[in-house]
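Below: the structure, in structure tokens.
The values are calculated or read from the model by the stated rules, or taken from the named source; none is laboratory data. This structure is a prediction, so every number in the text was calculated from the model and none was measured. In this analysis, Cβ positions are derived from the backbone assuming ideal geometry, glycine residues included, and neighbour counts consider all displayed protein chains.
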Amino acid sequence: MLDADAQKPPMGKWPTPPFDPRFPNQNQTRNCYQNFLDYHRCVKAMNRRGKSTEPCEYYFRVYRSLCPISWVQRWNEQIKEGTFAGKI
């Protein structure tokens, strides 16, 4: 997985994630969760093919921007324990 510190843009360069027509409302909880799943699915698929995970960085940046850190930490712990409810 990508290191969070390595993915930080330079100071003052925190771009807002682009508009996603699948999530038109102000509540971006589903957008956060979907991008988290998409990132992990992308990494899994790229590793299986033996390719670079660089294209997955987009999903990483979006979910890191939208999701509360506590959610991401809990989801990552659940993935490690094998109790995560999402299908990756």
Segment 66-78, residues that are surrounded by fewer than 15 Cβ atoms within 10 Å (Cβ to Cβ) and not charged (D, E, K, R): P68, I69, S70, Q73, N76, Q78
query: Within the set of pairs 6+ apart or on separate chains, which have a first residue in segment 62-88 that is within 11 Å of Y33 (Cβ to Cβ), a second that is of a type in the set (K, R), and C-beta atoms under 8 Å apart?
result: V72/R64
- prompt: Quick check: anything in segment 43-55 out of contact with any Ser or Thr (no Cβ under 7 Å at 6 or more places or on another chain) and surrounded by 17 or more Cβ atoms within 10 Å (Cβ to Cβ)?
  reply: no
field: Of all residues in segment 9-24 being exposed (fewer than 13 other Cβ atoms within 10 Å of the Cβ) and touching a helix residue (DSSP H, G or I) at 6+ places or on another chain (Cβ under 9 Å), the one that is modelled with the lowest pLDDT
entry: P9
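Listed here are the residues, each with its yes/no results for (1) polar (S, T, N, Q); (2) assigned to a loop (DSSP other than H, G, I, E, B).
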| site | (1), (2) |
| --- | --- |
| T16 | yes, yes |
| Q26 | yes, yes |
| H40 | no, no |
| A45 | no, no |
| W75 | no, no |
| Q78 | yes, no |
| I88 | no, yes |
